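Here's the structure we're looking at; comments come further down.
The values are calculated or read from the model by the stated rules, or taken from the named source; none is laboratory data. Since the structure is predicted, the reported quantities are computational estimates derived from the model, not experimental observations. Here the Cβ is made from the backbone with ideal geometry for all residues, glycine too, and neighbour counts use every protein chain on show. These accessible areas exclude ligands, DNA and RNA; they are computed on the full protein's heavy atoms, side chains included. Shrake-Rupley method; radii C 1.70, N 1.55, O 1.52, S 1.80 Å.
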Amino acid sequence: MSRMTFDPGAPHQRRFAHYGPAPIPAARDTEMDEFIDAVWRGGETAVYTALAAVAEPGRRVLCTYAERLAARAVRNETPEDLMRALIALVIGGLDQNTPETLMCMALVEDAARRLNYDLAELFEETSGVVGHPGTVHLVQWLSRRPEDRTLTCMGFEARNDGSGFRYYWVA
């Protein structure tokens, strides 16, 4: 059986149906990790290539993946998952400041705070990978008022789902 690889430009992402509420970890997380890690290694050029190829269904999957990564980072105390989440969000629409990605930015910020990881440092590291315009929107996030960057403001809350820490959209 051939191994599936995430294609951000695919017009349909049926195998990612019900991905958001799936248990953490899930096999699809590994597929997404491999995609984002390849982009990370490829730097700005790989980010630009992914941005040129991504379709709306792929953007939705990338946002869902970033949401899952924020929770996984807290569960496993892995700040590198926050960098993966930010790369996914840039490709998932942060380059265009989409509402969905801005909502997920609150999760990354909350997770960084829970891990005592400096958000500005995380953004600086990520900027070296994503380039412009991702960097611009990361900086814009930091310029928002603190009350406009919270889980509550974005309609989320943190809970334990029985298997560990998780973010839930409640708005």
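About its Cα centre, what dipole magnitude does the chain give when the only charges are +1 on Lys and Arg Cβ and -1 on Asp and Glu Cβ, stated in debye to the nearest 20?
That gives a dipole near 500 debye.
Dipole of the chain (Lys/Arg Cβ +1, Asp/Glu Cβ -1, origin at the Cα centre): which of Val108, Ala22, Ala73 lies farthest to the positive side?
Towards the positive end, the residue furthest out is Ala22.
Less than 14 Å from a label point 7 Å out along the Cα-to-Cβ axis of Asn76: which backbone N atoms in the range 124-166 qualify, by residue?
Answer for this model: 165.
State the three equivalent ellipsoid semi-axes of the chain, derived from the C-alpha gyration tensor as the square roots of 5 times its eigenvalues, in descending order and whole Å.
Computed over the chain, the values are 22, 20, 15 Å.
Per the helix-only calculation at 222 nm, which mean residue ellipticity applies to the chain, given -39500 (n - 2.57) for every DSSP H run of n ≥ 4 and division by its residues, nearest 500 deg cm²/dmol?
After summing the helix terms and dividing by the residues of the chain, the value is -19500 deg cm²/dmol.
By the gyration tensor of its Cα atoms, with a ≥ b ≥ c the square roots of the eigenvalues, what is the shape of the range 1-57: rounded for a/c under 1.5, prolate for a/b over b/c, or oblate?
Prolate is the answer for the range 1-57, as a/c is 1.5 or above and a/b outweighs b/c.
Gain in length, Thr152 to Tyr168, computed as 0.36 nm per residue apart minus the alpha-carbon separation, to one decimal in nm? Could the numbers behind the result be given before it?
Details: separation 16, 0.36 × 16 = 5.76 nm, distance 1.06 nm.
Full extension from Thr152 to Tyr168 adds 4.7 nm.
May I ask for the net charge around Ala50, where only other residues with Cβ less than 11 Å from the Cβ of Ala50 are counted and Lys, Arg are +1 while Asp, Glu are -1?
So the environment of Ala50 carries a net charge of -2.
Could you order Met103, Met32, Met154, Met4 so the one with the most accessible surface comes first? Probe is 1.4 Å.
I get Met4, Met103, Met154, Met32, largest accessible area first.
For Ala38 and Ser143, compute 0.36 nm times the residue count separating them, minus their Cα-Cα distance, and round to one decimal in nm.
So the chain would gain 34.8 nm between Ala38 and Ser143.
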